[in-house]
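Asks: The structure is given below, and queries will be raised subsequently.
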Amino acid sequence: MEKRIIHIDMDAFYAQVEQYDNPELRGKPVIVGGRSFNRGVVATASYEARKYGVHSAMPTKTAHKLCPDGIFVHPRFERYKEISGQVRDIFLSYTDLIEPLSLDEAYLDITELVSKERSSRSIALAIQSEIFEKTGLTSSSGISYNKYLAKIASGMNKPKATTVIDYNNVLEILHELPIGKFPGVGKVTEEKMIGMGIKTGKDLYDISKNDLILKFGKRGESLYNKARGIGTNELTVERERKSVGKETTFNYDRNDDSEILGVLEELSAKVSSRLLDKSLAGKVVTVKIKTGDFESHSKQMMTMDPVYTAKDIYHYAYNLYHEVKEEDVPIRLIGVTVSALETRLYRNMTIYDFIM
Ligand code: DCP
Ligand code: MG
């Protein structure tokens with residue numbers, strides 16, 4: 001069945017928030033990011049600063065050179081998160097079929113809301129004006145029959161735009177699209193493709209499925225489909241997931257703490273990578289063991305902040321292990337679970353973890 005998917009993405013999100021909160025910054029080239037001249041990286045730039053060529057992920061040093069009059073501002077994640085929550089509440093007043101992708105963008109499945117009297121475009125426009133009324137910020141939206149086309153559409157006419165891709169214009173749009181703008185084609189793939197002469201969606205369209213599979217392995221088929229407007233329309237609605245856990249059963253009962261803790265550390269890393277994949281973090285860590293005679297014991301603990309890194313999970317798991325494991329009672333199974341999950345919407349935390 002045909003679906004109507006909206007992708008909504010805030011315009012120059014962090015920079016726009018800074019301009020909204022500090023009116024003297026409005027209309028000026030604002031660059032948000034790590035201010036360390038040597039190691040800082042630009043998180044985003046206002047549209048005024050983009051005219052100078054400044055963009056996300058650019059070294060702060062380069063941004064200074066391109067835009068010496070730029071106003072460099074430190075990010076305030078808590079504030080962005082607060083606004084993101086307000087925007088999310090607006091989404092929820094329309095539908096609970098929401099798939100957030102980061103603090104400033106999400107997919108909404110509005111299939112059920114569309115009627116003869118209410119087009120998908122008018123719904124998107126209503127959501128965008130409500131966001132503007134309640135937060136003072138502009139956004140752009142894309143509407144289509146699947147997710148990746150909606151995402152392409154929202155980026156086509158930024159800022160303050162509402163763009164529809166449908167069966168009548170899809171191929172025309174995809175053919176002209178620079179290859180790097182296809183979702184899933186990152187910098188590395190883009191360079192590889194350009195090296196092979198694939199510069200636009202049309203170039204991609206002209207390559208056979210077999211050749212794409214030969215050159216790009218498993219992704220070949222998805223690229224073939226993407227050149228043709230074919231993609232998934234199912235949203236991943238995360239709220240249903242209650243916990244992420246991993247456990248191991250030993251092939252013999254174990255009693256050696258350092259050996260068992262080694263396994264627990266590996267399990268923590270696996271849980272962490274699962275949480276990272278899903279942009280989740282959780283406030284409760286549980287460690288479970290099963291003794292040689294099949295008795296199960298578990299202990300859990302609330303964390304200070306939602307955890308998702310291997311190090312943090314293992315930190316709690318380590319302490320819990322010592323509470324639950326009895327001396328001289330060998331165990332046959334150990335597991336670690338993170339629950340009380342919430343969506344972790346920070347992007348590029350690693351940059352800000354280290355460079356400020
Ligand atoms: N961000 C970041 N590092 C990046 C890309 C983005 O920290 N490499 C942050 C800052 C952005 C926010 O995420 O404000 C949203 O990212 P977008 O890609 O949506 O970029 P913007 O919203 O800033 O601009 P626009 O969507 O108008 O192109
Ligand atoms: Mg954005």
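Values in this text are rule-based calculations from the coordinates and carry no lab data. Since this is a predicted model, take the numbers as computed values, not measurements. Every residue, glycine as well, gets a Cβ built from its backbone with ideal geometry; the counts of neighbours run over all protein chains shown.
Asks: Of everything in the range 94-143 that's among the charged types (D, E, K, R) and within 24 Å of Tyr47 (Cα to Cα), which residue is surrounded by the fewest Cβ atoms within 10 Å (Cβ to Cβ)?
Replies: Glu133
Asks: Given (1) in contact with a Phe, Trp or Tyr (Cβ under 6 Å, 6 or more places away or on another chain); (2) more than 28 Å from Gly217 (Cα to Cα), identify the lone condition not met by Lys147.
Replies: (2)
Asks: Another question, if that's okay. Being out of contact with any Asp or Glu (no Cβ under 9 Å at 6 or more places or on another chain) and assigned to a helix (DSSP H, G or I) is the filter; apply it to the range 309-334 and report the residue that is surrounded by the most Cβ atoms within 10 Å (Cβ to Cβ).
Replies: Once the filter is applied, the top-ranked residue is Ile313.
Asks: Right, next: Return the only residue of Asn146, Asn157 being away from ligand 2 (no atom under 16 Å from the Cβ) and either more than 22 Å from Phe13 (Cβ to Cβ) or loosely packed, with under 14 Cβ neighbours inside 10 Å (or both).
Replies: Asn146
Asks: Can you pull out every residue in the range 49-85 that is outside any loop (DSSP other than H, G, I, E, B) and among the charged types (D, E, K, R)?
Replies: Arg50, Lys61, Lys65, Glu78, Arg79, Lys81, Glu82
Asks: Looking at Ala49, Ala63, Ala57, Ala43, which one is within 16 Å of ligand 2 (Cβ to nearest atom), farther than 24 Å from Thr135 by Cα and touching a strand residue (DSSP E or B) at 6+ places or on another chain (Cβ under 8 Å)?
Replies: None of the others qualify; the one that does is Ala57.
Asks: Something else about it: Out of curiosity, is Val17 in contact (Cβ under 8 Å) with a residue 60 or more places away in the chain and buried (at least 21 other Cβ atoms within 10 Å of the Cβ)?
Replies: For Val17, the condition - in contact (Cβ under 8 Å) with a residue 60 or more places away in the chain and buried (at least 21 other Cβ atoms within 10 Å of the Cβ) - is met.
Asks: Any chance you could count how many residues in the range 189-222 are among the hydrophobic types (A, V, I, L, M, F, W, C), in a helix (DSSP H, G or I) and surrounded by fewer than 16 Cβ atoms within 10 Å (Cβ to Cβ)?
Replies: The total comes to 3.
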